[in-house]
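First the structure, in the form of structure tokens, and then the observations on it.
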Amino acid sequence: MARRLLSIWFPRLASDLALRRRPVDGPFALILRAGQADHLHCLNAAASAQGLYAGMPLADARAICPELVTHPADLVAQAAGLTGLRRWAGRYAPLVARDGADGLLADITGAAHLFGGEAGLRDDLQGRLARLGMTAQSAIAGTRGAAHAVARHGGGIAGDDLEQAVAVLPVAALRIDHDSATGLARLGLVRIGDLMAQPRAPLARRFGAGLMLRLDQMLGRQPEPISPEADPTHFGVRMTLPEPIGLQSDVMAGLMRLLERLCAHLARHQCGARRLSLELRRVDRASVTVQIGLARPMRDPAQIARLFARGIEDVDAGFGIDAMRLAALVTEPMVPEQIDGEKQDDALADLISRLGNRIGFDRVLRMQPADSLIPERSFTLMQAAHSVPATGWPKGGPPRPILIFPPEPVAGVQGHPPETFRWRRMDLTTHCATGPERIAPEWWGDDPAWRTGLRDYWRIDTRQGPRLWLFHTPQVPAWHCHGVFA
């Protein structure tokens, strides 16, 4: 049986996907930032009719078409949309692969008769995509290169005589680079038919062996396999209940059953969940979603269920819940390990998980060391759930206060170091002074707070109780308080 391949090209993929979510009347384009200017990334038919094209500077496009509506392009959403279309195209072939950023390639060998032949399959495909609001061109041929070329130059069905089918196409349809296509055009080789009539050796010497390889792949003289990527593993389980439930204890019992199945699935793939979503469907067809995050990969049903309890308390069950769906939205590798009691790291991660689900993971922070001697720059704050405890903290050296704040002026200083002084409306007397520790500003940075130059830091233990971190600036004589010791 002869091999037959289906190529689908979406020339307006990104704009069609954006317009499905938010329709716009009239000219519309998605823009991308390139260098110091915005350029058109993808545009609809109305914008193309105004003479606009992809890659055009946005300023020029606005001058030609002032009514142009633009949105920022989302390349992630575009890739996700193509992935969805790849799964949808599985109705026509068991093997469907991406063909660049805006195309699909399917092996329909032995499947066309299910749609009344290749013409019927292509008509069904084009009709369904038109109803979805997607602009598409498709072609069927015996090789990947021929299907790709015909789909992008009008579409259609190429018969067994590939040389005749592709002879009229431009040389750019060979999937060669722009410089090679321009060089061939300067020699008068504009069509693929012109190229096939020329000696191969001179062309290979001038344009490289890749030109001849592309030609041989298009004509079926060299194999070109289809390698569809595997779909990512879906970690989700669901349960349909024979009778509606509404009590929190019943929902938690159902959740435990789902968690046991989900965690077993995660264990088979040596993964742990980092974010989970529980969808509760009520009998009135409304849905309630409870999501939690985890500070570390986890697949322990009991510990995960405890984190869900707070969110389930606030669920309005209405007239009852008749279906539950649990999914792990984010997973990470989690290899098997020896179970030897609860580790300190696990206890800390559980604490971060509980706090993060209550107040937000972006508010649970931990300090990490930074390469700087400036006190306020010697550490950085990072989200605790997405970082690990640092092991590179400097050892030894002078102690640092537990609390550092912007320098506050100290008044009424008597002596050096201060014997008596006034800070925050308190008259303080020094009991013990340790120092000085001289810290110089970093010459490669311009910090306004350090423009006064060198600082001599002293640790001052006062008779009234506060243990302060004072510094003196020799260039501009003055005293300031920069922190408090425990």
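Values for this structure:
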item	result
Residue match in the stretch 318-336 (condition: surrounded by 15 or more Cβ atoms within 10 Å (Cβ to Cβ), under 21 Å from VAL388 (Cβ atoms) and under 25 Å from the mean Cα position of the chain (by Cα))	yes
Qualifying residue in the stretch 212-229 (condition: exposed (fewer than 14 other Cβ atoms within 10 Å of the Cβ), within 31 Å of the chain's Cα centre (by Cα) and in contact (Cβ under 8 Å) with a residue 24 or more places away in the chain)	yes
Test: ALA139 is touching a Ser or Thr at 6+ places or on another chain (Cβ under 6 Å), among the aliphatic types (A, V, I, L, M), over 22 Å from MET1 (Cα atoms) and at pLDDT 90 or above	no
Among residues of the stretch 420-463, those that are within 15 Å of GLU408 (Cβ to Cβ) and part of a helix (DSSP H, G or I), counted	1
Odd one out for ILE352, checked against (1) touching a helix residue (DSSP H, G or I) at 6+ places or on another chain (Cβ under 8 Å); (2) open to solvent by less than 20 Å² (accessible area, probe 1.4 Å); (3) not in a helix (DSSP H, G or I)	(3)
ARG200 vs. criteria surrounded by fewer than 20 Cβ atoms within 10 Å (Cβ to Cβ), modelled with pLDDT of 90 or more and basic (Lys, Arg)	yes
ARG363, sole failed condition from (1) out of contact with any Ser or Thr (no Cβ under 9 Å at 6 or more places or on another chain); (2) at pLDDT 80 or above; (3) open to solvent by less than 60 Å² (accessible area, probe 1.4 Å)	(3)
Subset of the stretch 13-70 that is small (Gly, Ala, Ser) and in a strand (DSSP E or B) - its residue that is nearest to LEU129 (Cα to Cα)	ALA29
Test: GLU376 is modelled with pLDDT under 90 and either within 29 Å of the chain's Cα centre (by Cα) or of a type in the set (D, E, K, R) (or both)	yes
Residue selected from the stretch 437-451 under the condition touching a Phe, Trp or Tyr at 6+ places or on another chain (Cβ under 8 Å) and either hydrophobic (A, V, I, L, M, F, W, C) or loosely packed, with under 13 Cβ neighbours inside 10 Å (or both), by the criterion nearest to SER372 (Cα to Cα)	ILE439
Neighbours by Cβ (under 7 Å, 6+ apart or cross-chain): first from the stretch 470-486, open to solvent by 40 Å² or more (accessible area, probe 1.4 Å); second part of a loop (DSSP other than H, G, I, E, B) and not acidic (Asp, Glu)	PRO474/LEU454; GLN475/THR452; GLN475/GLY453; GLN475/LEU454; VAL476/THR452; HIS480/VAL410; ALA486/ILE402
Test: residue in the stretch 421-436 that is basic (Lys, Arg) and either exposed (fewer than 12 other Cβ atoms within 10 Å of the Cβ) or touching a Cys at 6+ places or on another chain (Cβ under 9 Å) (or both)	yes
Complete set of residues in the stretch 41-83 that are open to solvent by 60 Å² or more (accessible area, probe 1.4 Å) and of a type in the set (Val, Ile, Thr)	ILE64, VAL76
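The values are calculated or read from the model by the stated rules, or taken from the named source; none is laboratory data. Predicted, not measured: the structure shown is a model, and the values here were computed from it. FYI the Cβ positions are ideal-geometry reconstructions off the backbone, even for glycines, and counts take in every protein chain you see. Only protein heavy atoms, including side chains, enter the accessible area calculation; ligands, DNA and RNA are left aside. Shrake-Rupley method; radii C 1.70, N 1.55, O 1.52, S 1.80 Å.
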